[in-house]
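Down below is the structure, laid out as C-alpha cells.
The values are calculated or read from the model by the stated rules, or taken from the named source; none is laboratory data. Just so we're clear, the structure is a prediction, and the values are computed from it rather than from any experiment. Quick reminder, even Gly has a Cβ in these numbers, built from the backbone with ideal geometry, and neighbours come from all protein chains shown.
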Amino acid sequence: MNLKNKVALITGGSSGIGRAIAQTLVTSGARVAITGRDKQRLTETARELGAHPIHADVALEADVERTYREVLQQFGDLDVLVNNAGIGVFKNLVDFDRKDFEAVFATNVTGAMLMAREAAKHFIKRQRGNIVNIASTAALRGAPKGTAYYASKFALRGMSECWRAELRQHNVRVFLINPSEVLTNFYPRAGLAQKENATKLRAEDIAYVVKSMLEMDDRGFAPELSIFATNPKD
C-alpha cells in the first residue's frame, strides 16, 4: 500500500509507540488522526506532528463512535486503524483487585474490540482496509505479576486471529505486532523500573516495522511479527 494521502487512525497516539507510528506515517505522506485521554498532551503532540487530535477513551463506547464520526467528517475515509492504546497493572495474583484487573481489560481488550468493530464496518463496505494491533511479547508467554496485562495481550492476539479469519474475504489485512521491551513512558506509568540502555528498542523501531508491513502490496501481508532487541543490556 502506498501510504501517501492514506488516512490512519492511531489510538494512544500522543506518546510512546503510538506517537512514533503517527510521526512515521505523517512523514510518509499519510493523513493521521490520533486519540488520547490526556487532552493537553494530545493537543501538543498533534500540533507538533501535523496530526488531527481526537480526545477520547477507547474504553467508552460513546467516545469510540464519536471518534469515527469525527475521522470520517475530517478526512472522508479511513484506510488504517492502529490499535495501540494500552495500560498495565502488575501485581501478584493474591494482591489483585477486580477494579484494576477490569481497567486493564477495558482498555486493552474491550477498547481494541470497539475500535476494530467500527473500523471493520467501514472496511467491509469499501472492501479494503488495514487493522494493526499493537500487542506485546507478553502475548506469547506468561510471567509473574502479569495476570492482567499478559492475559489482555493473549486476548488481543486471539481476537486478531478471529478478525483475520473473518475479514480476509473483504480484502482487509489484520496485523499483530509483538514488541519486547521498548524505552517509552509505559514502564514508569505502570510503576515499573526501567533502565535506559542504548541496546534496548525504541518506539521508532516499532514504527518502522508497522510502516514496512503496511507498505507491502495489498495482495499479501505478514499476519504477525515479534520484535526483539538484538542484545539488550540492563
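Only one of Glu48, Glu65 is more than 21 Å from Ser136 (Cα to Cα), without any contact (Cβ under 8 Å) to a residue 12 or more places away in the chain and surrounded by fewer than 22 Cβ atoms within 10 Å (Cβ to Cβ). Can you tell me which? Matching residue, one of Glu48, Glu65: Glu48.
Looking at Ala207, Ala155, just one residue is of a type outside the set (Phe, Trp, Tyr) and surrounded by fewer than 20 Cβ atoms within 10 Å (Cβ to Cβ), and that residue is Ala155.
Among the residues of the range 90-110, the ones that are touching a Phe, Trp or Tyr at 6+ places or on another chain (Cβ under 7 Å) and closer than 23 Å to Asp63 by Cα come to 1 in all. Considering only residues that are among the small types (Gly, Ala, Ser) and in contact with a Phe, Trp or Tyr (Cβ under 9 Å, 6 or more places away or on another chain), look in the range 16-33 and name the one that is surrounded by the fewest Cβ atoms within 10 Å (Cβ to Cβ). Looking at residues that are among the small types (Gly, Ala, Ser) and in contact with a Phe, Trp or Tyr (Cβ under 9 Å, 6 or more places away or on another chain), I get Gly16. The residues on offer are Arg202, Arg219, and the sole one that is closer than 26 Å to Ile131 by Cα, in contact with a strand residue (DSSP E or B) (Cβ under 9 Å, 6 or more places away or on another chain) and among the basic types (Lys, Arg) is Arg202.
Can you pull out every residue in the range 1-15 that is surrounded by fewer than 24 Cβ atoms within 10 Å (Cβ to Cβ) and under 12 Å from the mean Cα position of the chain (by Cα)? Matches in the range 1-15: Ser15 only.
Ser136 meets the stated requirement of being among the small types (Gly, Ala, Ser) and closer than 30 Å to Asp97 by Cβ. Just so you know, in the range 1-21 the residues that are assigned to a loop (DSSP other than H, G, I, E, B) and among the charged types (D, E, K, R) include one that is nearest to Ala135 (Cα to Cα), and it is Lys6.
For the range 211-234, a residue qualifies if it is closer than 28 Å to Asn5 by Cα and among the aliphatic types (A, V, I, L, M), and the qualifying residues are Met213, Leu214, Met216, Ala222, Leu225, Ile227. Within the range 80-104, the set of residues being of a type outside the set (D, E, K, R) and either over 21 Å from the mean Cα position of the chain (by Cα) or modelled with pLDDT under 95 (or both) comprises Asn92, Leu93, Val94, Phe96. Here Tyr187 clears all of (1) over 29 Å from Asp79 (Cα atoms); (2) not in a helix (DSSP H, G or I) except the condition numbered (2). Can we say Phe186 is at pLDDT 95 or above and surrounded by 13 or more Cβ atoms within 10 Å (Cβ to Cβ)? Considered against the rule, which asks whether it is at pLDDT 95 or above and surrounded by 13 or more Cβ atoms within 10 Å (Cβ to Cβ), Phe186 comes out as no. Condition check for Thr24 on (1) in contact with a strand residue (DSSP E or B) (Cβ under 9 Å, 6 or more places away or on another chain); (2) under 23 Å from Leu201 (Cβ atoms); (3) not in a strand (DSSP E or B): one failure, at (1).
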